[in-house]
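Working notes for the structure below.
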Amino acid sequence: MTARVTPVHLVLALTFSTGVVDAVGYLRLDQVFAGNMTGNVVILGMAAVGGTGLPVLGPALALVFFLAGAAAGGRVLRTAAPGWGHRCTALLAGAGLVLAATALGLALIGTSASAVMASSLALAMGTQAAIARHLGVKDVTTVVVTSTLTGLAADSRLGVARGQGAGRRVAVVVLLVLGAAAGAALCLVHESLAVTAAAAVVLAVTGFGHVSASTRSSSSPTRSPVTAQRPGGRP
């Protein structure tokens, strides 16, 4: 069963977790996006005008920590072989543990340190985005859907009528929306529950990715050793 789990399935599941996390950031952590950095950049641009009442510290820290997570992930994976490997497992497990620690912090102290909580969420999302980039699944970054929507519309019958990858693109959008809805619903109970759910998804993806890669590696055919040949063609 695990052998049929592909990178596409894994990054789609991570897209759902991004929706959950961004719902927590926007609804409970002073309108900060932990995964969608475009939103933070726009917020900071509008806040620079003054008199808007928009947050500055939270989005700025989230942007910095997202970049830190992405840079760390890129550094670790720079010499890794394509596809899922031990480094992906370690990185994503670390991101899942950061989410779990944030959930614990929210449960203990609430949202009083919203900028700190949003920063830790952004750190995890940046790491996750770096892993998704390494896996190289087309149209799935796990953190944004603007390019996905552009491709979906441009390749549709109203566009160039290619229809390539439409199912995957639709799945990305649907899963992000479902994740945001789930995150919002859990926030009505407590924001820590939403982050716990996101951590559970990330850690589950970590496990499935590791087991699936190990299964494929063990089932791949191995070449028999070549017998040394003596001159004349005789072994």
Filter region 19-32 down to the residues that are free of Cβ contacts under 8 Å to residues at least 40 places away in the same chain and outside any helix (DSSP H, G or I) and list them by number. Gln31
Region 29-70 - residue that is among the aliphatic types (A, V, I, L, M) and within 14 Å of the chain's Cα centre (by Cα) and, of those, most open to solvent (accessible area, probe 1.4 Å): Leu67
Selection over region 101-125 where residues are surrounded by 17 or more Cβ atoms within 10 Å (Cβ to Cβ) and in contact with a Ser or Thr (Cβ under 7 Å, 6 or more places away or on another chain) yields a count of 7
Verdict on Val201 being outside any helix (DSSP H, G or I) and open to solvent by less than 60 Å² (accessible area, probe 1.4 Å): no
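If you check Val56 against the conditions, is it farther than 21 Å from Ser212 by Cβ and of a type in the set (A, V, I, L, M, F, W, C)?
Numbers: farther than 21 Å from Ser212 by Cβ: yes; of a type in the set (A, V, I, L, M, F, W, C): yes.
Taking the combined requirement at face value, the residue satisfies it.
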I need every pair where a residue in region 87-107 that is on the phi > 0 side of the Ramachandran plot has its Cβ under 9 Å from the Cβ of a residue that is part of a helix (DSSP H, G or I) and surrounded by fewer than 18 Cβ atoms within 10 Å (Cβ to Cβ), sequence separation at least 6 or different chains. none
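The values are calculated or read from the model by the stated rules, or taken from the named source; none is laboratory data. Just so it is clear, the model here is predicted, and its values are computed rather than measured. Backbone-built Cβ (ideal geometry, glycine too); neighbour counts: all protein chains shown. Accessible surface is based on the protein model in full, side chains and every heavy atom, while ligands, DNA and RNA are left aside. Shrake-Rupley method; radii C 1.70, N 1.55, O 1.52, S 1.80 Å.
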